[in-house]
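The values are calculated or read from the model by the stated rules, or taken from the named source; none is laboratory data. This structure is a prediction, so every number in the text was calculated from the model and none was measured. All Cβ positions, even for glycine, are placed from backbone atoms using ideal geometry, and neighbour counts span all protein chains on display. The protein model used for the area step is the full one, side chains on, heavy atoms only, and it has no ligands, DNA or RNA in it. Shrake-Rupley method; radii C 1.70, N 1.55, O 1.52, S 1.80 Å.
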Amino acid sequence: MKNIYKKVGVILLGLIGFGLTSCSDDFTNLAPLGSVSNESFWKTEADAIQGANGLYELMNDQEMFGRGFFWYINASDDMITGRTKATADVIKNFNINGSEGSYTSTCYEKCYKIIRRANDVLLNVPNMEISENVKNRVLGEAYFMRAFSYFWVAHTYGDDKNGGVPIVTVDNMFAAGGSYARPTSVVENYAMIVEDLKMASDLLPLFSEYGTDDYGRPHKDAALAYIAKTNLYWAQYDASRYAEVVKYADLVTNSGSGRALINTGNPAKDYRELHSHLNNWTSEYIWSVNSGVDRGSILTGVMLENKGWGKFNGWGYYTPSEGLYNEFEAGDARKAVTILSFGDDFQFFGEAKRYQSENSLSGFQFNKYMYEFREADAIGTTVNTDGDNPTTTYNVPLMRYAEVLLMKAEALIADGKNGDTPLNLVRARAGLAAKTNATMADLKHERRVELAGEFANRHFDLVRWGDAQAIYAQPIYGRIYSDRSDPDSPYTSEIVWPARTFDASYMNVWPIPNTVIQSSGIPQNKNWN
C-alpha cells in the first residue's frame, strides 16, 4: 500500500467534507460532520477506492502509532522514559487528569475521525453501482478500520465501572452534537467491535489474494486476529469469551493464507530479520503501520539513542528496564535482538559499534527497530532523511502471528486447558526448550519477552491480569555506568524510576482528554482529577 499513503493527502484535499472540510473538523464532541456526499463524489469505483484510502491517513500520525498510544504502554515495568520530560513523567506516574495537553491528548479524537470516515464509506458505498468485488473490499476495509479504532479507544478509556465509549454508526452519525452517551459497560463496545470485524472478515480477501499495490490494506486474517484479541480483552469480564479467542486464533491459522512463524531453524537470524523490512509482508505480519523513508510510524526513531551518536536525530524515549532485560532466559535468541546492553556489537550507518550511551537513563536501548540503520547509505534508502520524522522502511508491527499463538495459549490455560502447543511454537523459534503443562506464569513470561517494546500493550496486560497494582508498587531498576562513554565500564544496578501508586479501583482506564469532555458533555472517568 506504499502508493496509497502517498495519494491520501491529495485525495483528502479533493473531497468536500471527507473528515476535513465540511462543517467542522472537531471530532472531540463526537458530533458528525455534514454529509460528505456531493454531486461529484461517491459515483465511481475510483471514488469508493479513494474513500477507503482516506481511512489510513492517521495510521502514521506521530501521536497515534508513532508515540500517542505508546505513552500509555510506556507506563509498564518494561521501560522508562529515557529522557527527562515532564508530560511523559506524569503519564508514567499516573498523575494526569486529562488536561496534559499533549502526547496523549489527541488519540481519542483521531480515532473518532477514522470512525467518521468509515461511517461515510458505509453510508455511501452500498448504493454505488460498481464492481461487487471492489464494493465488498471497500466495505470490509471500512468495517475493519471502524472496529480497529474502537478497539483502541474502548480498552484505553472504557471499563465496566465508567462505561464504554460512545458508539457512533451510520444509524446515528447525524445526531446532534453532544447527544452521544457512554454505554453502560465497555462490553457493549467489544460486542460491536466483534460484529464489525465479523463483517470485515466476510468481505475482505486474504492477504495472499492482494497484489503488491494493495499491500497494507486490511485483510481477512487481520479481522480474525482482532476478533481474537477483542475477545481476550472481553474475557476479563466474561470468561466464556476464552473459547472465542481459541476459535478465532484457529481461524487465522487455518485461513489458507499460510500464516506461520519465521523459523528456519536459526533462532538468532530468524528473530533479527523478523524485525526488519525484510519480513514486512511475510507470513508473521498480520497488521502493521505501513512505513517507509517518507512516512509511517516514527517509533523506530523515537526509541533510537537521543541524537543518534551524532549521526541521526534519535529521540531517546522508551528505554528498556533491567527487569525486562533479566526476564529473558539463558539461551533466548530474542534477548540480543530486543535489547542493546553496554558492550553489545551492532552496525550503525556502516560503522561497527559497541553499545554505550551517554543519554540513556536506564543503560539500555531497544534493538528491535535498529536493523534499518545498519548501512552507510541508510538515510534516504531505509531511513527517513528528516530526523524530525524518523521513520524507516520497517512496518512497525501492531499484530503478529506470534501474538495470535500466545493469545490462544493464554485462553486455553485460563480456561483450565492445555496451552502447550501454541506456546511452544513461539519458544521453539527462540531456541528454547518446550514447556510441559504451562501455567499462566509461563504465559505471562512468554508474552513479555516475545512482544517487548511493541504495541501489543504490556501495560494493559498487567491491568487485565490484575497484576498492575503489585508490580507498579516496585521500583524500576536500570544500570548506571561509571563512564557512560565507555562500553566496558562497570555499572551498579540502581533505581531509575521510583515505585508508583497504582489504584486499581480507578486506574485501569486512563482519563479522557478534557477537550473531549468539554465539547461532548460525556462524563470523565471517575477519580481522575
Calculated Rg and Dmax of the chain using C-alpha coordinates, Å
22.3, 71
Check Trp287: other-chain or 5+ apart residues with amide H under 5 Å from its amide H, H built from backbone geometry?
Leu398, Met399
Which of rounded, prolate, oblate describes segment 164-250, given a ≥ b ≥ c as roots of the alpha-carbon gyration tensor eigenvalues and a/c under 1.5 marking rounded, otherwise prolate only if a/b is larger than b/c?
oblate
Multiplying the sequence separation of Lys198 and Glu329 by 0.36 nm and subtracting their Cα-Cα distance, what value in nm do you get?
43.3 nm
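Give me the extension gain from Asp214 to Ala86: residue separation times 0.36 nm, minus the current Cα-Cα distance, reported in nm with one decimal. If you can, show how the numbers build up before the last one.
Numbers: separation 128, 0.36 × 128 = 46.08 nm, distance 4.12 nm.
Here the segment from Asp214 to Ala86 would lengthen by 42.0 nm.
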Once amide hydrogens are built 1.01 Å from N within the peptide plane, the residues lying 5 or more places from Glu375 or on another chain with amide H under 5 Å from its amide H are Phe349, Gly350
Taking 7 Å along the Cα-to-C-beta vector as the label spot, tell me the Asn97-Gln474 distance in nanometres, rounded to one decimal.
3.3 nm
Take the alpha carbon atoms of segment 103-118, find their center, do the same for segment 374-408, and report the distance between the two centers in whole angstrom.
23 Å
Label points 7 Å out from Cα along the Cβ direction at Ala175 and Asp503: separation in nm?
3.1 nm
Can you work out the PRE-style zone for Lys307? Point 7 Å along Cα to Cβ, and I want the residues of segment 77-94 with backbone N under 17 Å.
82-85
Spatial separation of Cα centroids for segment 342-361 and segment 499-524, in angstrom
39 Å
Under a 5 Å amide H to amide H cut-off, with H placed in plane at 1.01 Å, what residues pair with Tyr477 once short-range neighbours are removed?
Glu322, Gly323, Val496
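Hey, any idea what Rg/Rh is for segment 211-262, computing Rh the Kirkwood way over Cα pairs? Present the calculation step by step, with values, prior to reporting the outcome.
Details: Rg = 12.9 Å, Rh = 11.9 Å.
Ratio of gyration radius to Kirkwood radius: 1.08.
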Note, segment 186-200: 3J(HN,Hα) by Karplus (6.51, -1.76, 1.60, θ = phi - 60°), whole Hz, Gly/Pro = x, goes 5, 4, 5, 5, 4, 4, 5, 4, 4, 5, 4, 5, 5, 4, 4
Please give the per residue accessible area of the chain, computed with a probe of 1.4 Å over protein heavy atoms only, in Å².
35 Å²
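Mind putting a number on the dipole of segment 273-400 about its Cα centre? Charges go on the C-beta only, +1 for Lys and Arg and -1 for Asp and Glu, and I need it in Debye to the nearest 20.
On the way: 10 positive and 17 negative charges, 21 e Å.
So the dipole magnitude of segment 273-400 works out to roughly 100 debye.
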If R0 = 51 Å, then Ala441 and Ser131, at their Cβ-Cβ distance, give a FRET efficiency to the nearest 0.05 of 0.50
Quick one: how many lysine pairs in segment 314-466 have C-alpha atoms under 30 angstrom apart, if they're 8 or more apart or on different chains?
16
Pulled fully out, how much extra length does the chain show between Asn527 and Asp238, if you take 0.36 nm times their separation in residues and subtract their Cα-Cα distance?
101.5 nm
About its Cα centre, what dipole magnitude does the chain give when the only charges are +1 on Lys and Arg Cβ and -1 on Asp and Glu Cβ, stated in debye to the nearest 20?
240 debye
